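Chemist: Structure incoming, see below.
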Amino acid sequence: MRAKGSSAVFTKLFLIMILASPGPAWAVYTGEDGESFEDVEMDDEAGSEADPLEAWNRRVFSFNQFVDDWFLRPVASTYRRVLPEFADKAVTNFFNNLGEVPNFFNSVFQLKPESAVVAASRFTFNTVFGLGGLIDVSTPNDLPERDEDFGQTLGYWGVNPGAYLMLPLLGPSTVRDLGGTGVDVFALPSLWDLADTPEEYYARALDIVDTRADLIPAEDFIYGDSYTFVRNAYLQRREYAINDGKTEEDPFASDDDEDLMLEDF
């Protein structure tokens, strides 16, 4: 019987409700950059070495699962059933468009002028020609989103990730990414700062539910021990994001192996 994995996709509740900042962890569950869950290679030994607080983290994970099972997932499931697909997509596009602001600043901090131009262009085009961001007109025109956050910025400049952390209600993180989230939320400019009204909190709640609803299909890909899956997938996805998808050459690969790989093509 497959282990329950609904909590694997629960990490944004108070992060958005209180801080209004989408967490970078979620890329691993949405299959961005053409990845799928089958492509996530589990390295239990490496994951355990990065998780000295596993006993505590597992207790927090169980708490998060309880909250998700009894509150957030039922609400998200209802949202998914009643909202038309085009409206669901429009809500997702709108909040993704807000995320282009921190994408821009973190691209600048990482000395990535091309990514900064992409973020600025996406925000401009989607806001002006996409009805305020409800329609993503940039991706079909060869301007795909490039997620950047201050945790990635710290990694770019060589800051060690530190221990893996499972945070109450906030989900998977590391010491480095937790600090990076604080900078993204409290230091970098955000369009949320311009909407200091009661409606802002309704919008934040909608962002939470919409994100959770979009992640429901991903649950079927979680297998085995859901805690281990989440931990390893998060750590590997973060490393992938920080390295911009670049992988180091395998020092144990022989020339013969490379020749065989070339023959496959």
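Chemist: Out of everything in segment 43-58 that is farther than 15 Å from L167 by Cβ and not aliphatic (A, V, I, L, M), what residue ends up being modelled with the lowest pLDDT?
Modeler: My answer is D43.
Chemist: Turning to a different aspect of this structure: Could you grab me the full set of residues in segment 119-136 that are assigned to a helix (DSSP H, G or I) and either out of contact with any helix residue (DSSP H, G or I) (no Cβ under 7 Å at 6 or more places or on another chain) or surrounded by fewer than 13 Cβ atoms within 10 Å (Cβ to Cβ) (or both)? Show your work before the answer.
Modeler: Taking segment 119-136 as the starting set, the residues that turn out to be assigned to a helix (DSSP H, G or I) are 119-129.
Passing the criteria: S121, T124, F125, V128, F129.
Chemist: Turning to a different aspect of this structure: If E145 meets every condition in (1) over 25 Å from V91 (Cβ atoms); (2) of a type outside the set (S, T, N, Q); (3) in contact (Cβ under 8 Å) with a residue 12 or more places away in the chain apart from one, which number is that one?
Modeler: So the condition that E145 fails would be (1).
Chemist: In segment 97-135, how many are polar (S, T, N, Q) and either in contact with a Lys or Arg (Cβ under 9 Å, 6 or more places away or on another chain) or within 15 Å of T153 (Cα to Cα) (or both)? Give the derivation first.
Modeler: In the first step, residues of segment 97-135 are kept if they are polar (S, T, N, Q); the result is 97, 103, 106-107, 110, 115, 121, 124, 126-127.
Those left that are additionally either in contact with a Lys or Arg (Cβ under 9 Å, 6 or more places away or on another chain) or within 15 Å of T153 (Cα to Cα) (or both): 97, 103, 106-107, 110, 115.
Final tally of qualifying residues: 6.
Chemist: Are any of the residues in segment 125-133 of a type outside the set (V, I, T), under 20 Å from the mean Cα position of the chain (by Cα) and modelled with pLDDT under 95?
Modeler: First, the residues of segment 125-133 that are of a type outside the set (V, I, T): 125-126, 129-133.
If we keep only those that are under 20 Å from the mean Cα position of the chain (by Cα) too, we end up with 133.
Narrowing further to those that are modelled with pLDDT under 95: 133.
For segment 125-133, residues of a type outside the set (V, I, T), under 20 Å from the mean Cα position of the chain (by Cα) and modelled with pLDDT under 95: present.
Chemist: Please state which of the following conditions G151 fails to meet, knowing it meets all the rest: (1) out of contact with any Pro (no Cβ under 8 Å at 6 or more places or on another chain); (2) in a helix (DSSP H, G or I); (3) touching a residue at least 24 places away in the same chain (Cβ under 8 Å).
Modeler: (1)
Chemist: So which of L72, L98, L154, L170 ends up being closer than 20 Å to Y234 by Cα, in contact with a helix residue (DSSP H, G or I) (Cβ under 8 Å, 6 or more places away or on another chain) and modelled with pLDDT under 95?
Modeler: On the way: L72 fails: closer than 20 Å to Y234 by Cα; L98 fails: closer than 20 Å to Y234 by Cα; L154 fails: modelled with pLDDT under 95.
On inspection, the qualifying residue turns out to be L170.
Chemist: Criterion first (touching a helix residue (DSSP H, G or I) at 6+ places or on another chain (Cβ under 9 Å) and within 22 Å of A203 (Cα to Cα)) does L111 satisfy it?
Modeler: Numbers: touching a helix residue (DSSP H, G or I) at 6+ places or on another chain (Cβ under 9 Å): yes; within 22 Å of A203 (Cα to Cα): no.
In short, no.
Chemist: Considering only residues that are under 19 Å from L215 (Cα atoms), of a type outside the set (A, V, I, L, M), out of contact with any Pro (no Cβ under 9 Å at 6 or more places or on another chain) and not in a helix (DSSP H, G or I), which ones fall in segment 62-116?
Modeler: P84 - this is the single residue of segment 62-116 that is under 19 Å from L215 (Cα atoms), of a type outside the set (A, V, I, L, M), out of contact with any Pro (no Cβ under 9 Å at 6 or more places or on another chain) and not in a helix (DSSP H, G or I).
Chemist: If I ask for residues that are in contact with a strand residue (DSSP E or B) (Cβ under 9 Å, 6 or more places away or on another chain) and within 20 Å of R204 (Cβ to Cβ), which ones from segment 143-177 would you list?
Modeler: Matches in segment 143-177: L167, S173.
Chemist: From the list A116, A76, which residue is within 19 Å of L206 (Cα to Cα) and surrounded by 20 or more Cβ atoms within 10 Å (Cβ to Cβ)? Let's see the steps before the verdict.
Modeler: Working: A116 fails: within 19 Å of L206 (Cα to Cα).
The conditions single out A76.
Chemist: Checking P144 against (1) assigned to a loop (DSSP other than H, G, I, E, B); (2) surrounded by 15 or more Cβ atoms within 10 Å (Cβ to Cβ), only one condition comes out false. Which one?
Modeler: (2)
The values are calculated or read from the model by the stated rules, or taken from the named source; none is laboratory data. Because the structure is a prediction, the values reported are computed rather than measured. Cβ atoms come from the backbone with ideal geometry, glycine included; neighbour counts cover every protein chain shown.
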